[in-house]
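Quick note: the coordinates plus some simple rules give every number you see, no bench work behind them. Not measured: the values here are computed from a predicted model. Counting neighbours? That spans all protein chains shown, and the Cβs are built from the backbone with ideal geometry, glycine included.
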Amino acid sequence: MSRKIALTGGLLADPTLNAPELGTLLIEDDRIVATGQVDVPADAEVIDANGMVIAPGLVDLGVFRTDKPAFHFGGITRAALMPDQSLPLDDVGLIREATRHGKPDFWVHPIAAATRSLAGKEMAEIGMMQAAGAKAVGTGRQWIADSGVMWRILSYAGGLGLTVITHAEDGGLAGRAVATSGETATRLGLASAPACAEAMAIARDIALARTTGASIHFRMVTTQAGFDLIRAAKAEGLAVSCGVSPAYFMLSDNAVTDYRTFARLSPPLRGEDDRKAVIAAIADGTVDVLTSSHDPHGPEDKRLPFADAAPGVAGAETLLALSLNLVRDGHLGLTALMRLLAANPARILGVDAGSFQPGSAADIIFIDPDAPWIVDSTKMAAAAGNTPFDKMPVQGRVRRVMKGGLFI
């Protein structure tokens, strides 16, 4: 017999709606079958949400490590794993193994390396990796300088219906830079690159996407000039999308003062005008995805001179709470936020999740949006506590997580 569950007494943050609504979410086995004002079957198990927000499980588009405790704390039920691993995800066996990492607690969707060893020179066996479970193709944390190679990747991936997820920094300009050119980098004596390195990379890849007709996703766009290019490409009707992580709308490059390596990111933090441009791009719909870019690093990687420290933050636990600031500050509504955190990344990956549509996977989270807590790097559930938000008070906690119709 099928198992039926009715989630009642909560505010449904349905990504297809303009605002959350009181209602019921009906689940049968591992799928959603109805939402809204629905009749609860007599044989359904009824679970009262006690006034909490009922939302789709977060789909994190581009993490660098799978991290069960951090994902569970942050309400992440699906994670797209970046190809930048100790062994780059450029092989069928590695892709197949990656898909098993999260079971039974969360779903892992590997992003196949676009080139062998992520070296940017020879295209990897993309089709075979798709058959093994890869849901997208990625250039990793580097830009592919050879336009011919990138054109072939876009052409081939487009033919397979896969989105290419790319890093947007012109390597010729960015080089070994660890900061954005400006007053902060100059004062600290850090190797820096101009922010236009991002726009230059985006312009080239949009031109190639236009020629090939492929879908392209710029994983991290962080500058006004970059967003202007994305807006123009979307207005043209190109299959272009972009994402950003909370650090770029919360922090400017001042955060690296005193050589704070926990604020060393890739791409580096930008100036205050660009930080404000990120918020504007989220508010006007230019940004499609908010991602944690989860990349936990311990003291051996972070307690180093700034230029030698590994870039990245442990972002899974703080993704939802920091993103809820956008709602409280009036930049977007709660259901629009769920589009950025769940529905849009699921669409880009081509998985039936991230929404309340009938047939969608029953990956659900219960959110207490006003619950206060303090980010504490020493108490984080993640594999490491490298966060630039240490000791920051935040609001919003995930209280329960459901994967495939079962609480975990």
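Under 16 Å from a label point set 7 Å out along the Cα-to-Cβ vector of S86, the amide N atoms of segment 98-135 belong to 98, 101. Between F407 and Q357, full extension at 0.36 nm per residue minus the direct alpha carbon distance yields a gain of 16.0 nm. If you run the Gaussian network model on the chain, springs between alpha carbon atoms under 10 Å, then out of G330, G51, G158 the most flexible one is G330. Helix 319-328 and the longest principal axis of the C-alpha atoms of the chain enclose an angle of approximately 80°.
Taking a sphere under 11 Å around the Cβ of S147 and counting the other residues whose Cβ falls inside, with K and R at +1 and D and E at -1, yields a net charge of 0. Rounded to the nearest 10 degrees, what's the angle between the helix 147-160 long axis and the longest principal axis of the chain, both from Cα atoms, 0 to 90? Its long axis makes an angle of about 20 degrees.
Taking the Cβ of L22 as the center, what net charge do the other residues with Cβ under 15 Å away carry, scoring Lys and Arg +1 and Asp and Glu -1? The answer is -3.
Stretched out straight at 0.36 nm per residue, the stretch from E97 to M1 would grow longer than its current Cα-Cα span by 31.3 nm. With R₀ fixed at 45 Å, the C-beta to C-beta distance from R187 to T211 puts the FRET efficiency at about 0.60. Taking the Cα atoms only, what angle lies between the long axis of helix 224-236 and the longest principal axis of the chain, rounded to 10 degrees? The angle comes out near 60 degrees. Across all Cα atoms of segment 283-408, the radius of gyration (one decimal) and Dmax (whole number) stand at 16.1, 52 Å. The phi torsions of segment 282-287, fed into the Karplus equation with coefficients 6.51, -1.76 and 1.60 and a -60° offset, translate into couplings of 5, 5, 8, x, 5, 7 Hz, rounded to whole numbers, with Gly and Pro shown as x. Springs join every pair of Cα atoms under 10 Å in this Gaussian network model of the chain, and among P345, P104, P267 the largest mean-square fluctuation is at P104. Distance between the 7 Å Cα→Cβ label points at A119 and E236: 3.3 nm.
With a cut-off of 14 Å on the backbone N, the residues of segment 325-348 near the modelled label site 7 Å out from E21 along Cα-Cβ are 335.
The distance between label points at D368 and A131 comes to 5.0 nm (points 7 Å beyond Cα on the Cα→Cβ vector). Helical content alone sets the calculated 222 nm signal of the chain at -8000 deg cm²/dmol, taking -39,500 (n - 2.57) per DSSP H segment of four or more residues and averaging over every residue.
Computed extension gain for D258 through A310, at 0.36 nm per residue and net of the alpha carbon distance, reaches 17.1 nm.
Summarising the strand pairing of the chain, around 45 percent of its internal DSSP beta bridges are antiparallel. When restricted to Cα atoms, segment 49-124 yields an Rg and a Dmax of 14.7, 55 Å, respectively. One equal scatterer on each Cα of segment 293-335, no solvent, Debye formula: the resulting log10 I(q)/I(0) at q = 0.25, 0.30 Å⁻¹ is -0.81, -0.98. For A136, nonlocal amide neighbours, meaning residues 5 or more places apart or on other chains whose placed amide H falls under 5 Å from its own, are A112. Taking trypsin sites (Lys or Arg not before Pro) in DSSP loop states with no more than 16 other Cβ atoms inside 10 Å as exposed sites, the chain has its longest site-free stretch at 4-99.
Taking L160, L61, L118 as the candidate residues, the one with maximal mean-square fluctuation in a Gaussian network model of the chain, Cα springs under 10 Å, is L160.
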